[in-house]
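A short worksheet on the structure shown next.
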Amino acid sequence: MTFSSWFSRLRSASKDFFYSNLRSSYFHNLNTPRSPTTHIFHSHSSRNSYLPLLPAVLAASVGSIALQSHSKYSFSDASDLDARGGSFGGKGSTEFVVKGSRKELPQELVGELKAICQDNITTDYDERYIHGKPQNSFHKAVNIPDVVVFPRSEEEVSKIVKSCDKHKVPIVPYGGATSIEGHTLSPNGGVCIDMTLMKSIKALHIEDMDVVVEPGIGWMELNEYLEPYGLFFPLDPGPGATIGGMCATRCSGSLAVRYGTMRDNVINLKVVLANGDIVKTASRARKSAAGYDLTRLMIGSEGTLGVITEVTLRLQKIPQYSVVAMCNFPSVKDAADVAIATMLSGIQVSRVELLDEVQVRAINIANGKDLHESPTLMFEFIGTEAYSREQTQIVQKIVAEHNGSDFVFAEDSDAKKELWKIRKEALWACFAFKPNFEAMITDVCVPLSSLAELISRSKQELNASPLVCTVVAHAGDGNFHTVILFDPNIDEHRQEAERLNQFMVYTALAMEGTCTGEHGVGTGKVKYLEKELGMEALRTMKRIKAALDPNNIMNPGKLIPPHVCF
């Protein structure tokens, strides 16, 4: 199967097909795929013996004290402590596998979950393994979930969470499995709540330009539904991402430069809290000054405060006309300078994307293309036909003034899709470029004026590295990714990938930037938060977490560094 034909089938493919064909080298051989709704609840004790359980007598005792002493405000994620008294994800951590302390699942809870979910529950090892190992990420954990449940309603989610809280069993919400920072790892075992059966569109308000959906629907499926109405949801992260996961990670995508991030496009949420309560965060009004902004608190909380069960989204009109343009540069700095100059010109571009020469080479190899292998900028201009063409001409002039060349643009629908597919296939092209390697993906973001310097300094390090590294940037808002390809079985590879990642993060932080522009924290970026936010901000986050989730069952070990105490 050619790479391009594989990609065209991606949207209609099931998760199991997608993962087993895209990255088959990541997994052991799985059994014949089964529908989650037909699994029978049964045990695989012989396979469980292979799980690398972590001796954690110290961790268990300290964790018990931490939970029982909540009223005295001595609260830490002690479950992440290892036998040496260290921790994963804390300041300066270089650990590769996320540690945890797994306890046997109470049989009383198992019975309650069976009563709630009926047939939509499984302990099948293969299913638990897939849910416990992020499919597009190198992150791993010592444990996988003990059970996976597939709720069909908000009421079922509430009952599941309430039961888990009663038994103090950790839960991990699970959506499209496209996150790359270890958000869905289950280092402490527990219950994985797969939300993909909750994917209905509950209400479309055409005149208000908003839609109410369940969290399991994908953004691509939602836009297919909206297209006949002349509307679309403007955020476009990776294929397969679901609306619930997009809210949880506060994602964005290539259109954020025009339409904002997830926090700008969500009107309200319904969330199940750790005690099972169902909270609606706001009304459907486009703006409100009523009380704390609970919607923004939950967006980006990565399942650590609650499970999202309903989302009301702001929609946009499908643009009347658009032009897609592409041009080449002698260096990434020249390309970044043009992106900055374009934004300063006041032109309302909808996309400004940058690819370095290594990324273009990967695309050529993966797709059999013959693109010029040099730093490349891609633009999209929208509006009326006259306005879009005027924008294109202005940017073409800016490009010429900054050593740009080979400026081409497309107005035909098929030609635009073909050009834009180059950018959308970037990550998969990297995997095709080095099919047996994993990818460590950076996600730094800086004030726009610092972007050219950051990319230029980063490229010097990347070019000097023995690893294959590509650069892809949302250049219009200062966010850029490096795909660092490495062999996870070679220690030197992992150490070099981590060194490069850390260099870019620290360089971005020194420029008043962030370690993550859109991918979220999970376990992968947690060690950088103290340097970025400061201890007082982290303690405030910890107090919020302790107030809403006193038993620490909601996706424990994510987002907040384990060494933060109060």
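The values are calculated or read from the model by the stated rules, or taken from the named source; none is laboratory data. This is a predicted model, so every value here is computed, not measured. Don't worry about glycine lacking a Cβ; one is built from the backbone with ideal geometry, like all the others, and counts go over all protein chains shown. Heads up: the accessible areas ignore ligands, DNA and RNA and are worked out on the full protein's heavy atoms, side chains in. Shrake-Rupley method; radii C 1.70, N 1.55, O 1.52, S 1.80 Å.
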message = Relative contact order for segment 349-483: what percent, with Cα pairs under 8 Å and sequence separation of 6 or more?
response = 34
query = Can you give the accessible area per residue of segment 325-472, in Å², using a 1.4 Å probe?
reply = 40
Heavy-atom surface of segment 260-303, accessible at 1.4 Å and reported per residue (Å²) = 49
query = Between residue 179 and residues 5 or more places away or on another chain, which pairs have amide H atoms under 5 Å apart, with H built 1.01 Å from N, and which residues are they?
reply = none
key: Relative contact order computed over segment 101-194 (Cα-Cα under 8 Å; 6+ residues apart), in percent   = 38
Antiparallel DSSP beta bridges within segment 101-194, percent to nearest 5 = 20
request  = Counting other Cβ atoms within 10 Å, keep those with at most 14, restrict to DSSP loop, and tell me which GluC sites (Glu not before Pro) in segment 172-232 are left.
outcome  = 207
ask   = Just in segment 470-563: which GluC sites (Glu not before Pro) are loop by DSSP and have at most 12 other Cβ atoms within 10 Å?
value = 512
query = Under a 5 Å amide H to amide H cut-off, with H placed in plane at 1.01 Å, what residues pair with residue 383 once short-range neighbours are removed?
reply = 320, 321
request  = Under 1.5 on a/c is rounded, so check that first for segment 408-500, then, if it is not, pick prolate when a/b is larger than b/c and oblate when it is not; a ≥ b ≥ c are the square roots of the alpha carbon gyration tensor eigenvalues.
outcome  = oblate
message = Using a probe radius of 1.4 Å on heavy atoms only, what accessible surface per residue do you get for segment 101-194? Whole Å² is fine.
response = 29
request  = Return the long-range amide H neighbours of residue 351 (sequence gap of 5 or more, or a different chain), with a cut-off of under 5 Å between placed amide H atoms.
outcome  = 380
inquiry  = Only sites in a loop by DSSP and with at most 12 other Cβ atoms within 10 Å count here; which trypsin sites (Lys or Arg not before Pro) in segment 440-495 make the cut?
reply    = none
